[in-house]
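Asker: I have a structure I would like to understand better, so I am pasting it below and will then ask my questions one at a time.
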There are 2 protein chains.
Amino acid sequence: MRIRKRPPTHPGGIIRRQYIESLSLTISELASTLGVSRKTLSKIVNENGSITPDMALRLSKAFNTTPELWLTLQQNYDLWQASHSSDDWKTIEAIAI
Amino acid sequence: MRIRKRPPTHPGGIIRRQYIESLSLTISELASTLGVSRKTLSKIVNENGSITPDMALRLSKAFNTTPELWLTLQQNYDLWQASHSSDDWKTIEAIAI
DNA sequence: GACATATGTAACCTAAGCGGTTACACTAAT
DNA sequence: ATTAGTGTAACCGCTTAGGTTACATATGTC
């Protein structure tokens, strides 16, 4: 796999820069639009919460994107975190084919 | 988004057909190779468990694939489930751009 | 200055998921 | 009959998502 030195962009940063700041939304407004609590969106935007499949569907409707976009961002982020939080998996031997 | 009538293939089914059956592995053997409990792998193979980022890394080492492959399969599966378990997100209005 | 709004965050709750061990019943092969 | 492999249940601990409520801190606006 490709090795990244720094963590991939957290989806929350993209929501903040590409949508909230660009469109002059407030977190409270957007949370209301998405039908989630202010806390839930705030955690994500501050890169302290995760995009769940349900949230990905909501974002895709609000921003006219695909839900996969958001989940893939989250996936890349989670994968980087997992690969740096333990070394166990590195010693697994490939199964002969 | 594209509409699928039936749920996307669960990653567990692929592990079963493409690896366990094709290579005549046992679940116990593979669990041991992956460094997880038999229960954890069994749940996944029986399509009752999820591929976590950690598990994706383990599978990628054992099968010489990318971890993204496994996570994307799981993502597609989870997304389909989420989109069919509630209709809340369907009524969200797109934000004007 | 007084007030309202937006925000981050903490405390608390419920519900759920993951992963582990142990144990039991079932099946299939030897 | 015995063994190996399996599904699965019961239990544990830990973590997380999401909600509500409440507080302190800005940053406005009148």
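The values are calculated or read from the model by the stated rules, or taken from the named source; none is laboratory data. Bear in mind the structure is a predicted one, so any value in this text is a computation, not a measurement. When we count neighbours, we look across all protein chains shown, and the Cβ atoms used for this are built from the backbone with ideal geometry, even at glycine.
Asker: Among the residues of segment A:7-31, how many are within 13 Å of another protein chain (Cβ to nearest Cβ), at negative phi, surrounded by fewer than 18 Cβ atoms within 10 Å (Cβ to Cβ) and within 14 Å of DNA strand D (Cβ to nearest atom)?
Answerer: 1
Asker: While we're here: As an exercise: evaluate A:LEU34 against (1) over 16 Å from the mean Cα position of the chain (by Cα); (2) over 26 Å from B:GLU68 (Cα atoms); (3) within 11 Å of DNA strand D (Cβ to nearest atom) and give the number of the one condition it does not meet.
Answerer: Every listed condition holds for A:LEU34 apart from (1).
Asker: Which of (1) within 11 Å of DNA strand D (Cβ to nearest atom); (2) within 25 Å of A:SER85 (Cβ to Cβ); (3) within 11 Å of another protein chain (Cβ to nearest Cβ); (4) buried (at least 18 other Cβ atoms within 10 Å of the Cβ) does A:ILE44 not meet, given it meets every other one?
Answerer: Of everything listed in (1) within 11 Å of DNA strand D (Cβ to nearest atom); (2) within 25 Å of A:SER85 (Cβ to Cβ); (3) within 11 Å of another protein chain (Cβ to nearest Cβ); (4) buried (at least 18 other Cβ atoms within 10 Å of the Cβ), A:ILE44 misses just condition (3).
Asker: Being within 15 Å of DNA strand C (Cβ to nearest atom), among the small types (Gly, Ala, Ser), loosely packed, with under 13 Cβ neighbours inside 10 Å and modelled with pLDDT of 95 or more is the requirement here; does B:SER37 meet it? First the steps, then the outcome.
Answerer: Numbers: within 15 Å of DNA strand C (Cβ to nearest atom): yes; among the small types (Gly, Ala, Ser): yes; loosely packed, with under 13 Cβ neighbours inside 10 Å: yes; modelled with pLDDT of 95 or more: yes.
Answer is yes for this residue.
Asker: If you don't mind, there's one more thing I want to ask. What are the residues in segment A:57-96 that are within 7 Å of another protein chain (Cβ to nearest Cβ), among the aliphatic types (A, V, I, L, M) and surrounded by 15 or more Cβ atoms within 10 Å (Cβ to Cβ), if any?
Answerer: Residues satisfying the conditions are A:LEU57, A:ALA62, A:LEU71, A:LEU79, A:ALA82, A:ILE92, A:ILE95.
Asker: Could you say whether any residue in segment A:1-24 is within 16 Å of DNA strand C (Cβ to nearest atom), in contact with a Leu (Cβ under 9 Å, 6 or more places away or on another chain), without any contact (Cβ under 8 Å) to a residue 24 or more places away in the chain and among the polar types (S, T, N, Q)?
Answerer: Checking segment A:1-24: not a single residue is within 16 Å of DNA strand C (Cβ to nearest atom), in contact with a Leu (Cβ under 9 Å, 6 or more places away or on another chain), without any contact (Cβ under 8 Å) to a residue 24 or more places away in the chain and among the polar types (S, T, N, Q).
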